[in-house]
2 protein chains.
Amino acid sequence: MNNKSDSYDEQEITLKNPNLDNLEVDYLYHLGLHSGMDLEKMFGDTKYVCMGGSADRALVFANKAAEILGIEVPEDGFQPIGKTERFSMYKVGPVVSVNHGMGIGSIEILLNEVAKLMAYAKAKGVKFFRLGTSGGIGVEPGTVVITDKAYNDRLEPYHDKSVCGEVEKRNTELSPELAQAIFDCREDISAAIGSTVSATGFYEPQGRLDGAIAYHTEEQKLAWLRKASGMGVKNMEMEATEFAAFCNELGIRSSIICAALLNRLDGDQVTSTPEELAQFADNSQQVVLNYIKKDLG
Amino acid sequence: MNNKSDSYDEQEITLKNPNLDNLEVDYLYHLGLHSGMDLEKMFGDTKYVCMGGSADRALVFANKAAEILGIEVPEDGFQPIGKTERFSMYKVGPVVSVNHGMGIGSIEILLNEVAKLMAYAKAKGVKFFRLGTSGGIGVEPGTVVITDKAYNDRLEPYHDKSVCGEVEKRNTELSPELAQAIFDCREDISAAIGSTVSATGFYEPQGRLDGAIAYHTEEQKLAWLRKASGMGVKNMEMEATEFAAFCNELGIRSSIICAALLNRLDGDQVTSTPEELAQFADNSQQVVLNYIKKDLG
């Protein structure tokens, strides 16, 4: 599926919005870019859009990509492209590294604007990756979970998309071939393929008992987490349903690769040292870069 | 309601989570602070927590607060407290200025951690404000909308909070007295009190026709926006339901003050100049600072 002879490699992203043809210039407001720029020159050779939570991590990933892919770092370092008030985007050869913020609302904005950016740039065969951190469910801290399917926080296997008052259920299954191909690049990093719950928040919506509000009990939390675990869920975060549903809708090959910061069956607080947490985040970046290096051939 | 003799001014925030008593140290993970620090010394005199979208704007607000409240700016400028990977927090006398990112998921994290921070700091009579930008509905660009009630994007007047698979409807009505008191401080800035729709995204969930995906029509969009307008809705953004429901649950006096960047009944794209957009964001900050100055007496 994912080798050089694949016809996907020659395909541009087809946007599903006929209204865009009527815009003289399309302002990608949160990126600080617009379709009047020479986006083809700037982004036409992009093959991988790698999204992570924070701006800091997007820059770390850019530098790491340069190192692993043998791309020279500019003298003054990689500079963000466009504005940085909301998102910070870096380009390293065929790789775009950008942060998506936290939660469904934030990544929805990035996905829409970056997909339009890639379409206007006529980039071919682009794959989208979400790299991040997550709460593990029944896996050891540090394990990299590659998502096969995303569930919402009611443990339903789809994404609710509300449009003009109507709620549509969208498909959140991700390519098993791509997940396996990434898993095969794990080398000595602990990794697993499993399902991911995408919650609408970090505290109550993930069943945590350490937020400012908790009316539920430890027993309710564990029953819910165990139910999820029994369905094949291996981690929980806040963006997977939106990411998977969006990419599916546009036919973009995509994968979610998140390190577990803790095992939620053991507790709620993130207590690993900053060094350990950095190593965990590094694990998911390393697995993806191993894959990209192999995929580029 | 909001004068000096008010008993609210003497009240600390009461957290609604008995489990917190069992934590030796509570790590406010995304703030980079913990309860083992001398939070009372650092934050005990806080009276207003002002949250805005971006880190840049949080610093602009901090400087503006210093100017209007007559507080000296440190020689090297205001420095963020805690870590800045996710949120950037500044303290200016009785004012905390911090960004909340975009969307319900992001502000949920900040609200939980900043409420715990204020409780641990034993701050008294703290009010929470969300200052931001929004899409106006039937109001001119630049108008500051002060929210009386938040609706979700199905136009229902409550916030769905999903906890361990059960969905609870939480109250999103905000204090009419506080809204009026802030409105009364508008001076020559165009302002209005009205309801706010909080959507789960920026593009399809707000009915926009300029995202990467749009299966709906201009007619469906306008019918939906007009329905909202007929219910008293004056603007649309992505955090109001979570903010209002959270503050209500803890009894925190709070208000949402957002400038409209455009009138959605006229179009979807944000096309004002950067100078105009900065002025619009400035309007909501100015109104809130007028109120704070008056409230401090």
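The order of A:LYS41, B:LYS122, A:LYS127 by accessible area, most exposed first and with a 1.4 Å probe, is A:LYS41, B:LYS122, A:LYS127. Need one number: buried accessible surface between chains B and A, 1.4 Å probe, both sides summed, DNA, RNA and ligands left out, in Å² to 100. That pair of chains buries around 5600 Å² in total.
What is the helix-to-structure angle for A:104-120, meaning the angle in degrees between its Cα long axis and the longest Cα principal axis of chain A, kept from 0 to 90 and rounded to the nearest 10? Here the helix axis deviates by roughly 20 degrees.
Using protein chains only and a probe of 1.4 angstrom, how many square angstrom of A:LEU69 are accessible, to the nearest 10? Rounded to the nearest 10, the figure is 40 Å². Sorting A:TYR215, A:TYR291 on solvent-accessible area from highest to lowest, probe radius 1.4 Å, gives A:TYR215, A:TYR291.
Computed on protein heavy atoms with a 1.4 Å probe, the accessible areas place A:GLU10, A:GLU218 in the order A:GLU10, A:GLU218, largest first. Taken as Cα centroids, segment B:157-181 and segment B:72-137 sit 20 Å apart, rounded to the nearest whole angstrom.
Rolled with a 1.4 Å probe across the full set of protein chains, the surface gives A:PHE202 an accessible area near 30 Å². If the cut-off is a Cα-Cα distance under 24 Å, which lysines reach A:LYS124, setting aside same-chain residues fewer than 8 apart in sequence? Cross-link targets: A:LYS4, A:LYS16, A:LYS41, A:LYS47, A:LYS64, A:LYS91, A:LYS116, A:LYS293, A:LYS294. Once both labels are positioned 7 Å from their Cα atoms along Cα-to-Cβ, the gap between B:ALA223 and A:THR273 label points is 6.2 nm.
Legend: translational diffusion of segment A:190-274 by Stokes-Einstein, Rh = Kirkwood radius over C-alpha pairs, 20 °C, 1.002 mPa s; D = 151 µm²/s. Normalised radius of gyration (Cα atoms, divided by 2.2 N^0.38 Å) for segment B:7-296: 0.98. Computed extension gain for B:ASP56 through B:LEU155, at 0.36 nm per residue and net of the alpha carbon distance, reaches 32.5 nm. For B:VAL92, the amide hydrogen comes within under 5 Å of the amide hydrogens of B:SER97, counting only partners 5 or more places away or on other chains and with H modelled in the peptide plane. Which values of log₁₀ I(q)/I(0), to two decimal places, follow from the Debye formula for the protein assembly as shown at q = 0.06, 0.08, 0.09 Å⁻¹ with a uniform point scatterer at every Cα? Each listed q maps to, in turn, -0.28, -0.52, -0.66.
Against the main long axis of the alpha-carbon atoms of chain B, helix B:218-230 sits at an angle near 50°.
Taking every protein chain into account, the accessible area of chain A amounts to 37 square angstrom per residue (probe 1.4 Å).
Loop only per DSSP, at most 13 neighbouring Cβ atoms within 10 Å: give me the GluC sites (Glu not before Pro) in segment A:38-97, ordered by residue number.
Filter output for segment A:38-97: A:GLU72, A:GLU75.
Fully extending the segment from A:GLU177 to A:ASN22 would add 52.1 nm, taking 0.36 nm per residue of separation and subtracting the current Cα-Cα distance.
For A:PHE87, the accessible surface of its heavy atoms amounts to roughly 0 Å² (probe 1.4 Å, protein chains only, rounded to the nearest 10). Potential lengthening of the chain between B:SER7 and B:ASP266 amounts to 88.7 nm, from the contour at 0.36 nm per residue minus the alpha-carbon distance. Computed from Cα atoms, the angle from the helix A:240-250 axis to the main principal axis of chain A rounds to 40 degrees.
The values are calculated or read from the model by the stated rules, or taken from the named source; none is laboratory data. Computed from a predicted model, the values in this text were never measured in an experiment. Glycine gets a Cβ as well: all are built from the backbone with ideal geometry, and neighbour counts include every protein chain shown. Keep in mind that these areas ignore ligands, DNA and RNA; they rest on the heavy atoms of the full protein, side chains included. Shrake-Rupley method; radii C 1.70, N 1.55, O 1.52, S 1.80 Å.
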